[in-house]
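Everything on this sheet refers to the single structure shown next.
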Amino acid sequence: MKKLNDIRTGRHCVFSMHVHLVFVAKYRRRVFDKAAIDRLRALFTKICADFEAELKEMDGDIDHVHLLVNYPPKVAVSA
C-alpha cells in the first residue's frame with residue numbers, strides 16, 4: 001500500500017511514477033569503487049533536480065550502479 005506522501009501532484013494530474021535504472025560498465029569491467037559511487041550519487045542527485053525528479057535510492061557494485069527515480073510524467077525516461 002502506498003503512503004500518501006509518495007503521491008505527487010501536478011496542475012491537472014496525480015502521479016507516482018518510478019523507474020529502476022541500471023548502468024553497467026562495458027564488458028562488466030571493475031571500475032566503480034566507493035569514491036566513484038559517492039561522486040555519481042552527487043551527480044545523479046543534481047541531474048534529477050534539474051528534471052524535477054527525485055532520486056529515491058542509489059546503490060552500486062564494482063561493475064554496475066542501480067538507481068530508483070521518482071519522476072514527473074512530463075519527463076521522458078529516455079531523457
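The values are calculated or read from the model by the stated rules, or taken from the named source; none is laboratory data. Remember, it's a predicted structure, so these values are computed and weren't measured experimentally. Cβ placement follows ideal geometry from the backbone for every residue including glycine, while neighbour counts extend to all protein chains displayed. All accessible areas refer to the heavy atoms of the entire protein, side chains included, with ligands and DNA or RNA removed. Shrake-Rupley method; radii C 1.70, N 1.55, O 1.52, S 1.80 Å.
There is at least one residue in the range 3-16 that is open to solvent by 90 Å² or more (accessible area, probe 1.4 Å), at pLDDT below 90, part of a helix (DSSP H, G or I) and over 14 Å from residue 64 (Cβ atoms). Provide a single number: the residues in the range 27-69 that are of a type in the set (Val, Ile, Thr) and under 20 Å from residue 15 (Cα atoms). Within the range 27-69, residues that are of a type in the set (Val, Ile, Thr) and under 20 Å from residue 15 (Cα atoms) number 1. Pairs, please: C-beta under 6 Å, at least 6 apart or cross-chain, first residue touching a residue at least 12 places away in the same chain (Cβ under 8 Å) and within 23 Å of residue 7 (Cβ to Cβ) and in the range 56-72, second among the acidic types (Asp, Glu) and in a strand (DSSP E or B)? What qualifies is 68/57; 70/54.
Taking the criterion of being in contact with a strand residue (DSSP E or B) (Cβ under 7 Å, 6 or more places away or on another chain) and open to solvent by 90 Å² or more (accessible area, probe 1.4 Å), the residues of the range 17-29 that qualify are 20, 23.
With respect to the conditions (1) in a loop (DSSP other than H, G, I, E, B); (2) exposed (fewer than 11 other Cβ atoms within 10 Å of the Cβ); (3) of a type in the set (D, E, K, R); (4) free of Cβ contacts under 8 Å to residues at least 24 places away in the same chain, residue 46 falls short on a single one, namely (1). Across the range 53-78, the qualifying residues are those that are among the charged types (D, E, K, R) and out of contact with any strand residue (DSSP E or B) (no Cβ under 6 Å at 6 or more places or on another chain), and the one among them that is modelled with the lowest pLDDT is 74.
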